[in-house]
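Remarks on the structure that follows.
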């Protein structure tokens, strides 16, 4: 089974993540209710087993906990994929969420990049700052070695816009990490 366990402790956060790319149970507890909801949606729609136990300086705000979770989750994906051989590599997906439509396209290339195009009408969703969606995605992409494009095509509700993006990411990753069947690295260079 393709899996990874990563721990990271700083003066601001203490994060433990267990990832199983081929499925498993989900246990998410970050202390930020909406973020727990998004990580659960991401893992369910990606078909991943995911444990996230995060303790952060929430008395400051949610920033460190969310960004550091993105860092650790990205490292877990990179570790679980090892040399990235034998996977389909690319994934794209649209997710409608009521009035919102989210899109994700990605390449597990080893070249980290983020293009993020979304506007959030409400600044906060519970104790989750809407602007943290982009921060999480950047931390995840750069630590996973993924070229990641996310776009809110349209939407009026920050909850729906955000949820569409997390679900689209899960589906696109599910597509990209699927075994190619031949075990070869999908690259003209022969390596990623």
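Of note:
- Note on 122, 134: ascending count of other Cβ atoms within 10 Å places them as 122, 134, the fewest first.
- Difference of contour (0.36 nm per residue) and Cα-Cα distance, residue 25 to residue 142: 39.6 nm
- Build a GNM of the chain with springs between Cα atoms under 10 Å apart, and of 27, 138, 89 the one that fluctuates most is 27.
- Between the Cα long axis of helix 33-46 and the first principal axis of the chain there is an angle of about 20°, rounded to the nearest 10.
- Rg/Rg_globular for region 1-75, with Rg_globular taken as 2.2 N^0.38 Å and Rg from C-alpha atoms: 1.04
- In terms of overall dimensions, the C-alpha atoms belonging to the chain reach 47, 37, 27 Å along their principal axes, ordered largest to smallest.
- Sum of -39500 (n - 2.57) over DSSP H runs of 4+, divided by residues of the chain (222 nm, nearest 500): -11500 deg cm²/dmol
- Placing pseudo-labels 7 Å out from each Cα toward the beta carbon at residue 3 and residue 58 gives an inter-label distance of 2.7 nm.
- Degrees, to the nearest 10: 63-81 long Cα axis against longest axis of the chain: 10
- Degrees between helix 158-176 axis and first principal axis of the chain (Cα, 0 to 90, nearest 10): 10
- Sorted by Cβ density within 10 Å, fewest first, the residues 182, 14, 36, 68: 182, 14, 36, 68
- Relative contact order of the chain, pairs being alpha-carbon contacts under 8 Å that are 6 or more residues apart, as %: 27
- Region 8-108: relative contact order as a whole-number percent, Cα under 8 Å and 6+ apart: 27
FYI, it's all coordinate maths here, none of it is from the lab. Please read all numbers here as calculations on a predicted model, not as lab measurements. Cβ atoms come from the backbone with ideal geometry, glycine included; neighbour counts cover every protein chain shown.
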